[in-house]
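The values are calculated or read from the model by the stated rules, or taken from the named source; none is laboratory data. Just so it is clear, the model here is predicted, and its values are computed rather than measured. Please note: Cβ atoms are built from the backbone with ideal geometry, for glycine as well, and neighbour counts cover all protein chains shown. Surface areas here come from the heavy atoms of the whole protein model, side chains and all, with no ligands, DNA or RNA. Shrake-Rupley method; radii C 1.70, N 1.55, O 1.52, S 1.80 Å.
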Amino acid sequence: MSLIKKIVEIVERSDMVDAKKHINKLNKEIKDHKEKVRSLMEANYNDFMPEIVSNETLLEEGSILENDVINLKENLNNESTNMLKSASEEVSRLTEELNENQLALITSLKLVKIDYLLHKIKPYNEAKNFKLVNNLLNDIQLLIGDPDDKIIRRLEIYKNLKVKLTVERETMMKNLIGQFESLVQTKQKTFPKNQSITFIISKNSQELVECIHTLLECDYDFQKFVDFCVNNIFQPIASRAVSLDIKENDKEVTMILMYSIEPVSDELRPNYEIVFLNLRSVLFLMRHMNVQVQDNYHFLAYLFNDFKPKIFDLIFNECLKYNIPKTYDEKNHSTINADIGKLCRNFTELNFFDSVDDKDVEAFCNKIDDLFFEQFTKNVQSSANEILKRDLHDMIHISDDATLSTTTPLTFPKSMISKSTLELIKLLEKIIRQASSCSVEDEQKKTNLLNSIKAVLDNYSFTIQLHHSNLLSKIPQQSALFFNNCMYLCNWIALNDEFEGFNIDVIINDLKRQGEEFFECQVVKQKIQLLEILKEFDPYQSLNNFQQEHFKPIRQALRQMDLLKNVWQTILPSDLYNKTIGNLLDVIAIDIIKKVLRLEDISTTLANGLVEMIKNFEEKGQLLFEADCSALNFVTNWKKLINLQFILDASLVDIQASWKNNQISASFKAEEVKHLIRALFQNTERRANCLQNII
């Protein structure tokens, strides 16, 4: 009869003495078992002595005791046992002690189980059965790290157990990584100018599968392997001429990759078709290690899926962007977009990536198209730059009925423009003809072509300034030509129907603004220069001793105007020329009038000299305009200067009559006329009467 049955019979007979005896016995057996476990664990993990007793024996003994406690407690919890416990405080105390011993027994069992599992690791490690080793370590971790167990954490042996677990896991990982590196070997050897990469994959598929699965279960970081593949295989294949040799036998497949480590020149980069062929060879090689880790999910996809953008960028930046077609004819015959799609399908079919979305392929091809357009635009801009480097003063006449554009019946006012402007238009019209020939399906191509023209026109002013800024700012001829060139381009753009919808107003307004600003800046400089010359003109010096040199600044200013006539008259359209010359002459006229009006006393000699000077100015000034143009229409103060000449040469009667007839009142105020009368005539009754009538 078992111990439990005896105790139950005693309880049922209310044999209090026997109940205490058997409970005491069970408590003692648990304590003895706990002591054995303590000795075992201290010997193994504190003192590191040989085993005193088998952990399997203790595990079996503890399991029996655990069952006895459970059965005894079940019987003590029935109704008759409750009566017994209430009748004897001693039995109740022993029962509580039994509860405490049960907790100790649970901890003892856990410790023995930990020891038992730790001892099982060694043979599995020796057999390279790392999957089972990992399972054992995970089971031990659950026992040691049980958050509900408050006892085991307080034991002295707890830290040693954790250290032992850590050591075993590190040993397993070291052996496991060593196994992976023996199954998937990567070797790198560097020579003075070359690099050799050896990549060997074992065909022992079962061992490779178990190794990879276990590494994944251990959350092993494959970053080092991924970096090796990207930096030492994919990167050189994409950017360099390589020697790729792949051999296969029953045990393994081997790849030897050789390439130069010298700096890569664009001329020596391989054609993208060779790059794609080598990439496919590598993918076919790596399929031998591409084990399935989940349903429809493979090892290489796990490794490289997050690196998909980086690998695509590598292929693009190191290879494809150097293989972009240079002309639209080349692009029309190129299969680069189809080849990209095929390579992307290879990546998916060989499970290198879990998937490559069609949108990804489209985006990839769009990058090629964008780069082609960018390069095409650069080529157009480069050609335009070469044209615009030429001298602006290499000019050509434009007549009223000139038709110099090949595609647009362009008319322009009689003037001159730079030959480079016509050359630029010929280049742009060539692109327009390509755009016009585009079908409806090629709308994007047409847009890109017209955008390349837009880019040239947007950069026109900047390009001209880049090459001719010094001359533009200093030489009047250059700024006038630049103005005409801008206006001519504006006219060409406005008359070209192909530019509808391309913000032509923005381009035209910008070109106009740039041309006008540069020409206006030159006009301002000429005004400043004239004023500098006129600083020397001081009629007061001539009061008593009139000499021709006193009027030398006026003559010098007129010579400056004559030089501008020679430069501008044949270049600028007549309306703009006359307006500009008129504005500059007005600067001289204003200076003469202002300085004469400041004189307090004008002698007859000085008055006669001023009259002659003004006549000379009027004659020379009129000659600056074309024969059928009157200076009066373009010089704002021309009439005022003529009236000043009249006053300087007239009598009091003539002045009074002219004022009365409103001939000079349109030019001068009453006080100005009075001032001139006082300066010209002595203080007499006749002068006083005249002054009274000037109101």
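Figures for the structure shown
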quantity	calculated
Residue match in segment 249-261 (condition: modelled with pLDDT of 90 or more, open to solvent by less than 20 Å² (accessible area, probe 1.4 Å) and closer than 18 Å to residue 304 by Cα)	no
Tabulated pairs, segment 655-682, first under 12 Å from residue 694 (Cβ atoms) and without any contact (Cβ under 8 Å) to a residue 12 or more places away in the chain, second of a type outside the set (Lys, Arg) and open to solvent by less than 100 Å² (accessible area, probe 1.4 Å), C-beta under 6 angstrom, 6+ apart or interchain	665/659
Residues that are at pLDDT 85 or above and small (Gly, Ala, Ser), drawn from segment 457-475	461
Extreme residue, nearest to residue 527 (Cα to Cα), among residues of segment 550-585 that are free of Cβ contacts under 8 Å to residues at least 40 places away in the same chain and surrounded by 19 or more Cβ atoms within 10 Å (Cβ to Cβ)	557
Residues of segment 613-638 that turn out to be of a type in the set (D, E, K, R), surrounded by 16 or more Cβ atoms within 10 Å (Cβ to Cβ) and within 25 Å of residue 669 (Cα to Cα), as a count	1
Qualifying residue in segment 348-371 (condition: open to solvent by 40 Å² or more (accessible area, probe 1.4 Å), more than 24 Å from residue 286 (Cα to Cα), in contact with a Pro (Cβ under 6 Å, 6 or more places away or on another chain) and polar (S, T, N, Q))	no
Number of the condition not met by residue 376 [criteria: (1) part of a helix (DSSP H, G or I); (2) farther than 20 Å from residue 435 by Cβ; (3) open to solvent by less than 40 Å² (accessible area, probe 1.4 Å)]	(2)
Selection status of residue 390, surrounded by 14 or more Cβ atoms within 10 Å (Cβ to Cβ), among the basic types (Lys, Arg) and out of contact with any Pro (no Cβ under 6 Å at 6 or more places or on another chain)	yes
Where residue 627 falls short, out of the listed (1) within 17 Å of residue 539 (Cβ to Cβ); (2) modelled with pLDDT under 90	(1)
Exclusive hit being at pLDDT 90 or above and not basic (Lys, Arg), set 234, 307	234
Segment 488-506, residues that are within 18 Å of residue 422 (Cα to Cα) and open to solvent by less than 40 Å² (accessible area, probe 1.4 Å)	488, 489, 490, 492, 493, 496
Filter result for residue 584 (under 14 Å from residue 624 (Cα atoms), within 53 Å of the chain's Cα centre (by Cα) and at pLDDT 95 or above)	yes
Members of segment 317-343 found to be closer than 23 Å to residue 242 by Cβ and either in a helix (DSSP H, G or I) or without any contact (Cβ under 8 Å) to a residue 12 or more places away in the chain (or both), listed by number	317, 318, 320, 321, 322, 335, 336, 339, 340, 342, 343
Subset of segment 670-695 (residues that are assigned to a loop (DSSP other than H, G, I, E, B), open to solvent by less than 90 Å² (accessible area, probe 1.4 Å) and under 16 Å from residue 607 (Cβ atoms))	681
Cross-chain or 6+ apart pairs with Cβ under 9 Å, segment 379-394 first and in contact (Cβ under 8 Å) with a residue 40 or more places away in the chain and closer than 15 Å to residue 430 by Cβ, then outside any helix (DSSP H, G or I) and open to solvent by 80 Å² or more (accessible area, probe 1.4 Å)	379/326
Any hit, segment 647-669, residues being aliphatic (A, V, I, L, M), open to solvent by 50 Å² or more (accessible area, probe 1.4 Å) and modelled with pLDDT under 90	yes
Failed item in (1) among the small types (Gly, Ala, Ser); (2) open to solvent by less than 10 Å² (accessible area, probe 1.4 Å); (3) modelled with pLDDT under 90, with residue 480 passing the rest	(3)
Which numbered condition residue 423 misses (of (1) assigned to a helix (DSSP H, G or I); (2) open to solvent by less than 20 Å² (accessible area, probe 1.4 Å); (3) modelled with pLDDT of 90 or more)	(2)
Checking residue 560 against (1) assigned to a helix (DSSP H, G or I); (2) closer than 26 Å to residue 674 by Cα; (3) among the polar types (S, T, N, Q); (4) at pLDDT 90 or above, the condition it does not meet	(2)
Filtered residue count, segment 586-611, keeping only those that are among the charged types (D, E, K, R), surrounded by 16 or more Cβ atoms within 10 Å (Cβ to Cβ) and under 19 Å from residue 549 (Cβ atoms)	1
Residue pairs meeting the criteria (Cβ under 6 Å; at least 6 apart or on separate chains; first closer than 30 Å to residue 370 by Cα, in segment 292-316; second open to solvent by 70 Å² or more (accessible area, probe 1.4 Å) and part of a helix (DSSP H, G or I))	none
Total residues in segment 485-522, condition within 31 Å of the chain's Cα centre (by Cα) and either in a helix (DSSP H, G or I) or touching a residue at least 60 places away in the same chain (Cβ under 8 Å) (or both)	10
